[in-house]
1. Of the residues that make up the stretch 93-105, is at least one within 27 Å of Asp126 (Cβ to Cβ), of a type in the set (D, E, K, R) and assigned by TED's automatic domain parsing to the domain that holds Leu37?
2. Cβ contacts < 6 Å: first residue modelled with pLDDT of 90 or more, restricted to the stretch 82-106; second residue exposed (fewer than 14 other Cβ atoms within 10 Å of the Cβ), any location; separation 6+ or different chain. Result?
3. Here are some conditions: (1) surrounded by 13 or more Cβ atoms within 10 Å (Cβ to Cβ); (2) within 19 Å of the chain's Cα centre (by Cα); (3) closer than 21 Å to Glu33 by Cβ; (4) at pLDDT 95 or above. Thr47 meets all but one. Which one does it not meet?
4. Restricting the stretch 108-138 to residues that are more than 8 Å from the ligand (Cβ to nearest atom) and of a type in the set (Ser, Thr, Tyr), which is least open to solvent (accessible area, probe 1.4 Å)?
Amino acid sequence: MNRKWFGLAVGLALGLGMGMTALTFAADEKETELGKLMEKVQKNKTTITKGTRNVAAYKKSQAEIEKAAKDWVKQAKEAKPHNEVVKSAKGEADPQKKWDELMDLWGKESQKLADLVAKSESTQKDAKDQLNTINKTCTECHQVFRVDADEKF
Ligand code: HEC
């Protein structure tokens, strides 16, 4: 490679590198506190969904499910003050009230799930039904407050 082309190649590589760095920064900035927290919320959902998949899975995972459900109780409290999106909610008469209600409901229903699975005589069906009840609060909140994203969760 002669000097001129070498210089061009280095220049291109540098330019590309800087472009990527800028992109990474932009992506980081978009990640909100609530978004980060929701990723942890999602991990607990995976644990609970897998653990309630069938009777055999349930018998093995009751302790794990209880722990994840208790985590949700905490995460609902943690998420509640991160209500920046309330300002941009559409179609709600009182978005702040709706936000608080949904967070409280999510926490309450998660506590119910934790109490339920803590009982050795509880059934996989009861736990799964309770998970579905909780999932409705996730979906409802995402529909009201996460309007620009597709509902995938
Ligand atoms: C009271 C409102 C509310 C509830 C309840 C709620 N979420 Fe969210 N969730 C949000 C909002 C708002 C966002 C968008 C956050 C952002 O990107 O700033 C979000 C984002 C997410 C994301 C995307 C995170 C990312 O990478 O940005 C996941 C995953 C998620 N929620 C899962 C769940 C699950 C699972 C539940 C129920 C167990 C749940 N959420 C309950 C409001 C809620």
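1. yes
2. Note: pairs meeting the criteria are His82/Glu33; Val86/Gln96; Lys98/Glu92.
3. Among (1) surrounded by 13 or more Cβ atoms within 10 Å (Cβ to Cβ); (2) within 19 Å of the chain's Cα centre (by Cα); (3) closer than 21 Å to Glu33 by Cβ; (4) at pLDDT 95 or above, the lone unmet condition for Thr47 is (3).
4. Among them, the one singled out is Ser122.
Residues checked against (1) open to solvent by less than 60 Å² (accessible area, probe 1.4 Å); (2) more than 10 Å from the ligand (Cβ to nearest atom); (3) more than 19 Å from Thr133 (Cα to Cα); (4) touching a helix residue (DSSP H, G or I) at 6+ places or on another chain (Cβ under 9 Å):
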position	(1), (2), (3), (4)
Val41	yes, no, no, yes
Asn54	no, yes, no, yes
Ala57	yes, yes, yes, yes
Trp72	yes, no, no, yes
Val85	yes, no, yes, yes
Leu102	yes, no, no, yes
Trp106	yes, no, no, yes
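The values are calculated or read from the model by the stated rules, or taken from the named source; none is laboratory data. Since the structure is predicted, the reported quantities are computational estimates derived from the model, not experimental observations. When we count neighbours, we look across all protein chains shown, and the Cβ atoms used for this are built from the backbone with ideal geometry, even at glycine. Only protein heavy atoms, including side chains, enter the accessible area calculation; ligands, DNA and RNA are left aside. Shrake-Rupley method; radii C 1.70, N 1.55, O 1.52, S 1.80 Å.
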